[in-house]
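Report on one structure; see the data block that follows.
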Amino acid sequence: MGINGTTLPGIALCFLLALPCWYLGQLVPLVGGPIFAIILGIILGTTMNIWSHTKITPGVSFTSKKILQYAVILLGFGLNIMQVIHVGWISLPVIISTILTSLIVAYVIFKMTNIPSNIAVLIGVGSSICGGSAIAAAAPVIKADDQDIAQAISTVFFFNVIAAFVFPTLGDFLGLTNTGFGLFAGTAVNDTSSVTATAAVWDSMHPGAQTLEYATIVKLTRTLAIIPICLGLASYQVYKDKQTATGESDSSVNIAKIFPRFVLYFILCSIITTVATYFGADSTIFSMFKGISKYLIIMAMVAIGLNTNIVKLIKSSGSSLALGFTCWVCIAIVSLWVQHMIGLW
């Protein structure tokens, strides 16, 4: 199903509802457009029963799935692999350690509790890489439904807000240097907007610190992990689908159809950006695509909100918050510990 007369009404509705959410996201970057979009979608879906209108159902469903994939593809234009060089190899041990910590913690808690596997994966990936963008990228790969996505994004957002208020004071108490705090904020906070908010609070507490730029570069370097994570999840999904193919041999499963192509397009966009900027292309060209991607994500979050069962979301929030809290705390501890071990503190 593509964009046609059947899907257009629902897509148009999501586009219009995304406008105020995008604007509010600009006014309150700590919260961000996607969170406003999910909240608005849930409110409208619950109070006005919008989802029951059959004319918009196909378009809302298309937006929550396909438009989300298009957004992730365009997000690749915001990733320049060469940024790793600008940050320096010194930050990589911290980045790699925190990512592995979150993924391992999510896996262990998933095995020890009855939390749904998709929610565990999304919270683990969102906490370790870049919040909403990583969740948006991973969700179609593991075939997560809208409520899984809403649950994961809400959980990660909650701890982002706490980090922006708590981490600068914690950094002061621990005696972190400006560079040390920039690395801490860039590796222990999730969404880019929350990283910048946290670093900005530190800079306001320490005039002339200039940690904002460093924290942002660390965060963008960390975002590159979306590529291997999504490839790994996609490969595992292919393996799982082959294993569960009832009454069929392995050779009867078409890997080309199972493997999510949008992941490959996402990587291609990232490579194009890297090569083009390396040869002197103006990076503002690619920032336009990144801006479009962010708006499409807000549209998709509206659609996900419209299709979210608020009762089920509240009932399952306890285990998700526990998982998100554990990942958040472990990432913060490991970030500080690795910094201390390699002498950056």
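The values are calculated or read from the model by the stated rules, or taken from the named source; none is laboratory data. Note that the coordinates shown come from a computational prediction; the quantities given were computed from them, not determined experimentally. Every residue, glycine as well, gets a Cβ built from its backbone with ideal geometry; the counts of neighbours run over all protein chains shown. Keep in mind that these areas ignore ligands, DNA and RNA; they rest on the heavy atoms of the full protein, side chains included. Shrake-Rupley method; radii C 1.70, N 1.55, O 1.52, S 1.80 Å.
Among the residues here, residue 293 qualifies as within 21 Å of the chain's Cα centre (by Cα) and more than 15 Å from residue 147 (Cα to Cα).
If you filter the stretch 35-54 down to residues that are part of a helix (DSSP H, G or I) and open to solvent by 60 Å² or more (accessible area, probe 1.4 Å), you find that the one that is farthest from residue 166 (Cα to Cα) is 52.
Just to verify a result, which residue in the stretch 22-34, among those that are within 17 Å of residue 67 (Cα to Cα) and not aromatic (Phe, Trp, Tyr), is most open to solvent (accessible area, probe 1.4 Å)? Among residues in the stretch 22-34 that are within 17 Å of residue 67 (Cα to Cα) and not aromatic (Phe, Trp, Tyr), the one most open to solvent (accessible area, probe 1.4 Å) is 34. Report yes if residue 169 is under 20 Å from residue 329 (Cα atoms) and β-branched (Val, Ile, Thr), otherwise no. So residue 169 fits the description; yes.
A quick yes/no check of all residues on (1) open to solvent by 50 Å² or more (accessible area, probe 1.4 Å); (2) modelled with pLDDT of 90 or more; (3) under 29 Å from residue 101 (Cβ atoms); (4) touching a strand residue (DSSP E or B) at 6+ places or on another chain (Cβ under 8 Å):
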residue	(1), (2), (3), (4)
247	yes, no, no, no
251	yes, no, no, no
278	yes, no, no, no
281	no, no, no, no
290	yes, no, yes, no
314	yes, no, yes, no
339	no, no, yes, no
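Among the residues of the stretch 320-333, those that are under 17 Å from residue 96 (Cα atoms) and either touching a Cys at 6+ places or on another chain (Cβ under 6 Å) or open to solvent by less than 30 Å² (accessible area, probe 1.4 Å) (or both) comprise 327, 331, 332. The residues of the stretch 154-165 that are open to solvent by 10 Å² or more (accessible area, probe 1.4 Å), under 16 Å from residue 332 (Cα atoms) and not aromatic (Phe, Trp, Tyr), listed by number, are 161, 162. When only residues in the stretch 2-18 that are at pLDDT 95 or above and open to solvent by 80 Å² or more (accessible area, probe 1.4 Å) count, which is farthest from the chain's Cα centre (by Cα)? Filtering first and then ranking leaves 16. Restricting attention to the stretch 264-276, which residues are hydroxyl-bearing (Ser, Thr, Tyr) and either open to solvent by less than 10 Å² (accessible area, probe 1.4 Å) or closer than 23 Å to residue 9 by Cα (or both)? Once the filter is applied, which keeps residues that are hydroxyl-bearing (Ser, Thr, Tyr) and either open to solvent by less than 10 Å² (accessible area, probe 1.4 Å) or closer than 23 Å to residue 9 by Cα (or both), the stretch 264-276 yields 270, 273.
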